[in-house]
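The values are calculated or read from the model by the stated rules, or taken from the named source; none is laboratory data. Treat the numbers as computed from the prediction; the structure is a model and nothing was measured. All Cβ positions, glycine included, derive from the backbone under ideal geometry; neighbour counts span all protein chains shown.
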Amino acid sequence: MTATFQLIVGLGNPGPQYAQHRHNVGFWVVDRLPVNGAWSRESRFKADVARSRIGSQSCWLMKPQTFMNLSGEAVGAFIRFHRMAAAEVLVIHDELDLPPGGVRIKQGGGHGGHNGVRSIETHLGSADFWRLRVGIGHPRTLGLAQEVADFVLHPPRREEQAVIDRTVDEIVREMPALVAGDIAAVQRRLHVL
């Protein structure tokens with residue numbers, strides 16, 4: 001299984017008041033990836049973008065600056081402008097159905113109730129993009145009484161944050177192989193987290 005990623009999108013909500021929330025795990029990952037120069041705010045795409053060289057591959061990084069449920073506006077505008085296919089996009093986002101720090105990588109599929117992924121599917125007119133899902137746990141499985149909307153808009157508890165941080169480190173370490181298209185090997189290594 002190979003892919004050539006032209007765009008890596010980290011999902012989150014913009015602004016410092018959301019920076020530590022579980023919903024922003026996609027931002028946490030792309031913020032750790034190398035950039036050529038600096039991030040720039042691109043108003044025509046409603047996003048912060050940067051060029052990156054990951055291993056031997058060059059690609060774009062993106063952090064949509066819309067709220068999560070409008071993420072597709074940024075991604076759709078960007079890939080239409082750059083004439084990219086949905087299959088050349090990797091979206092990194094939080095996942096309630098995985099324990100904190102769990103990882104799954106796949107192409108296509110449903111949005112699983114994730115409003116950012118739903119918005120991207122709508123604006124691309126396709127579900128063919130790749131997803132790197134980072135587990136944040138579910139309030140019920142973690143023994144919390146919070147509603148899901150409240151849960152994702154709060155920071156992880158200290159022990160959950162430690163596990164997620166280790167996972168982010170592993171994702172960053174595996175990113176050169178992932179961007180180079182060695183997806184099956186990366187899945188074997190990350191899916192055990």
- [ ] Run ARG140 past the list (1) in a helix (DSSP H, G or I); (2) over 16 Å from the mean Cα position of the chain (by Cα) and report the number of the one that doesn't hold.
- [x] (1)
- [ ] Would you please name the residue that is surrounded by the most Cβ atoms within 10 Å (Cβ to Cβ), looking only at residues in the stretch 130-170 that are in contact with a Leu (Cβ under 7 Å, 6 or more places away or on another chain) and of a type in the set (A, V, I, L, M, F, W, C)?
- [x] ILE136
- [ ] Sort out which residues of the stretch 46-60 are of a type outside the set (D, E, K, R), more than 14 Å from GLY10 (Cβ to Cβ) and either in contact with a helix residue (DSSP H, G or I) (Cβ under 6 Å, 6 or more places away or on another chain) or at pLDDT 95 or above (or both), and write them in order of number.
- [x] GLY55, GLN57
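Give ALA19, ALA86, ALA38 a once-over and let me know the one that is closer than 27 Å to GLY125 by Cβ and of a type in the set (A, V, I, L, M). Reasoning before the result, please.
On the way: ALA19 fails: closer than 27 Å to GLY125 by Cβ; ALA38 fails: closer than 27 Å to GLY125 by Cβ.
Of the residues listed, the single one that is closer than 27 Å to GLY125 by Cβ and of a type in the set (A, V, I, L, M) is ALA86.
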Task: Residues (surrounded by 14 or more Cβ atoms within 10 Å (Cβ to Cβ), of a type outside the set (D, E, K, R) and assigned to a loop (DSSP other than H, G, I, E, B)) located in the stretch 1-33 - done: ALA3, PHE5, GLN6, LEU11, GLY12, ASN13, PRO14, ALA19, HIS21, LEU33
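Just need a number here: residues in the stretch 175-193 that are assigned to a loop (DSSP other than H, G, I, E, B) and either out of contact with any Gly (no Cβ under 9 Å at 6 or more places or on another chain) or surrounded by fewer than 15 Cβ atoms within 10 Å (Cβ to Cβ) (or both).
Start the filter on the stretch 175-193 by keeping residues that are assigned to a loop (DSSP other than H, G, I, E, B), which leaves 180-182, 191-193.
Subset that is either out of contact with any Gly (no Cβ under 9 Å at 6 or more places or on another chain) or surrounded by fewer than 15 Cβ atoms within 10 Å (Cβ to Cβ) (or both): 181-182, 191-192.
Adding up the residues that qualify gives 4.
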Open item on the list: Between VAL163, VAL179, which is of a type in the set (A, V, I, L, M, F, W, C) and closer than 26 Å to ALA86 by Cα?
Closed with: VAL179
- [ ] For the stretch 34-60, name all the residues that are within 16 Å of PRO176 (Cβ to Cβ), touching a Pro at 6+ places or on another chain (Cβ under 6 Å) and outside any loop (DSSP other than H, G, I, E, B).
- [x] SER52, ILE54
Task: Of the criteria (1) among the basic types (Lys, Arg); (2) within 18 Å of the chain's Cα centre (by Cα); (3) at pLDDT below 95, which one ARG131 fails - done: (3)
Open item on the list: Take the residues in the stretch 55-99 that are more than 23 Å from VAL172 (Cβ to Cβ) and among the β-branched types (Val, Ile, Thr); name whichever of them is surrounded by the most Cβ atoms within 10 Å (Cβ to Cβ).
Closed with: ILE79
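Of all residues being of a type in the set (A, V, I, L, M, F, W, C) and touching a residue at least 40 places away in the same chain (Cβ under 8 Å) in the stretch 23-40, which is farthest from TRP60 (Cα to Cα)? Just the residue, please. If you could, list the steps in order and put the result at the bottom.
Kept after step one, since they are of a type in the set (A, V, I, L, M, F, W, C), are these residues of the stretch 23-40: 25, 27-30, 33, 35, 38-39.
The next check asks that each one be touching a residue at least 40 places away in the same chain (Cβ under 8 Å); those that pass are 25, 28-30, 33.
Values: VAL25: 18, TRP28: 16, VAL29: 14, VAL30: 10, LEU33: 11 Å.
Once the filter is applied, the top-ranked residue is VAL25.
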Open item on the list: Going residue by residue through the stretch 156-174, is there one that turns out to be in contact with a Lys or Arg (Cβ under 9 Å, 6 or more places away or on another chain), at pLDDT 95 or above and not in a helix (DSSP H, G or I)?
Closed with: yes
